[in-house]
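Enquirer: Let me begin by handing over the structure; questions about it come next.
The values are calculated or read from the model by the stated rules, or taken from the named source; none is laboratory data. Owing to the predicted nature of the structure, the values given are computational and were not obtained by experimental measurement. Positions of Cβ are backbone-derived with ideal geometry, glycine not excepted, and every protein chain shown enters the neighbour counts. With ligands, DNA and RNA removed, areas are computed over all heavy atoms of the protein, side chains included. Shrake-Rupley method; radii C 1.70, N 1.55, O 1.52, S 1.80 Å.
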Amino acid sequence: MSRLTMALPSKGRLREPSWQLLEASGVSPQEPGERVLQAHCRNADIDLLFVRADDVPEYVQDGVVDCGITGLDLVAERSSNVEVLLRLGYGTCSLQAAVPMEDSATQISDLAGRRIATSHPNIVAKVLGELGIKAEIVQVSGSVEISPRLGLADAVIDLVSTGSTLRTNGLRSIGTIFESEAVLVGRVGSANLEAARTLSTVLGSVINARANRYLMCNVEKSDLSKVTALLPTKGSPTVMDLANGSTVSVHALVPAADIWSLLPKLEASGASSILTLPVERMVR
Ligand code: AMP
């Protein structure tokens, strides 16, 4: 089996989080730097190629590389014949339809017969077709949001993460047609697909871990059932006796998103010395 080749975004929104993910997974590039086009990985038989996120689906499909990181929207827009090996949990955004604030449209079906500017014409044509909406699609490659002001279109369908760009440009969202995030994709039929799946397991262990925290607290035995009933864990928590005989230490893995609401409840139920720690890796 030859070395695994992987394409990574060389710039743009997906570059930093993708590099951080490799770093956290222990397979960071040996020669980091803005201008490096190719690099070997420090601890793994992986050769990295740095290209634009837009180009990754084609590079993977055509066998230039075995796998790569890109946006799910870009895979769908190019109808690339690649396998999505792993959703990476960053670069999250959605393709939303938006109109100028003063427009009367309130839902996507109100765009029938109107002109819609987008840099994702294929996804838009497919979804509008499925919804039975006939509209004129105006393809633009950047600054989609200013199209209505320029008189190019009545509405836009554009990538939105926080919504602030829409608001800044006087636009109002009327619906979502596609949800996207960064993904690891592999070439269908690649001889190295097994190695790509192994990489996917390693990256996945870091992504799973990021979504969780290791929680520890001390509880009087009399309060134990109240405290464990609060824990949003799938498995059973670890309960260990402390030396004083009347107190136990409770350890559990809890979703990071639940921590802020959980801590005051734990405290109110008698937990003390509450600690939460980041988790480095997690293989289910
Ligand atoms: P780039 O053009 O290289 O910055 O990468 C754009 C990719 O980043 C898109 O194809 C999406 O997958 C992702 N992305 C995440 N949030 C946004 C956003 N708010 N606007 C545009 N792209 C986004």
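Enquirer: Are there any GluC sites (Glu not before Pro) in segment 1-60 that are in a DSSP loop and have at most 14 other Cβ atoms within 10 Å? List them by number.
Expert: Sparse-neighbourhood loop GluC sites (Glu not before Pro): 34.
Enquirer: Also: Counting heavy atoms of the protein chains only and a 1.4 Å probe, report the per residue accessible area for segment 141-284 as a whole number of Å².
Expert: That works out to 52 Å² per residue.
Enquirer: Quick check: at a probe of 1.4 Å, how many percent of the accessible area of segment 143-284 sits on carbon and sulfur atoms? Walk me through the numbers on the way to the answer.
Expert: Details: 4040 of 7350 Å².
Of the solvent-accessible surface of segment 143-284, carbon and sulfur hold 55 percent.
Enquirer: In the neighborhood of residue 94, defined by Cβ-to-Cβ distances under 12 Å, what is the net charge if each Lys or Arg adds +1 and each Asp or Glu adds -1?
Expert: On the way: positive: none; negative: 73, 158, 179, 181.
That works out to -4.
Enquirer: Kindly express, to the nearest 10 degrees and within the range 0 to 90, the angle between helix 121-131's C-alpha long axis and the longest C-alpha principal axis of the chain.
Expert: With rounding to tens, the tilt is 80 degrees.
Enquirer: Another question, then. Test of understanding: in a Gaussian network model of the chain with alpha carbons linked when under 10 Å, which of 184, 266, 242 would top the mean-square fluctuation ranking?
Expert: Most flexible of the set in this elastic network: 242.
Enquirer: Using a basic spin-label model with each label point 7 Å from the Cα along Cα→Cβ, how many nm lie between residue 273 and residue 172?
Expert: In this crude spin-label approximation the distance works out to 5.7 nm.
Enquirer: Hey, what's segment 1-109 come to in accessible area per residue, 1.4 Å probe, Å²?
Expert: Numbers: 5280 Å² over 109 residues.
Counting only protein heavy atoms, the per-residue value for segment 1-109 is 48 Å².
Enquirer: Among 270, 252, 129, whose Cα sits farthest toward the positive end of the charge dipole of the chain (+1 at Cβ of Lys/Arg, -1 at Cβ of Asp/Glu, about the Cα centre)?
Expert: Toward the positive end, the furthest listed residue is 270.
Enquirer: What size of dipole, in debye to the nearest 20, comes out for the chain about its Cα centre when the only charges are +1 on Lys and Arg C-beta atoms and -1 on Asp and Glu C-beta atoms?
Expert: 320
Enquirer: Might you report the magnitude of the Cβ-based charge dipole of segment 108-188 about its Cα centre, with Lys and Arg at +1 and Asp and Glu at -1, to the nearest 20 debye? Could the numbers behind the result be given before it?
Expert: Values: 8 positive and 8 negative charges, 26 e Å.
The dipole magnitude comes to about 120 debye.
Enquirer: Something else: If amide hydrogens are placed 1.01 Å from N in the peptide plane, which non-local residues have theirs closer than 5 Å to the one on residue 178?
Expert: 95
Enquirer: Okay, helix-only estimate at 222 nm for the chain: each DSSP H run of n ≥ 4 adds -39500 (n - 2.57), divide by all residues, round to 500 deg cm²/dmol; what do you get? List each step's numbers first, then the result.
Expert: Numbers: 9 runs with 78 residues, N = 284.
Dividing the helical sum by the residues of the chain leaves -7500 deg cm²/dmol.
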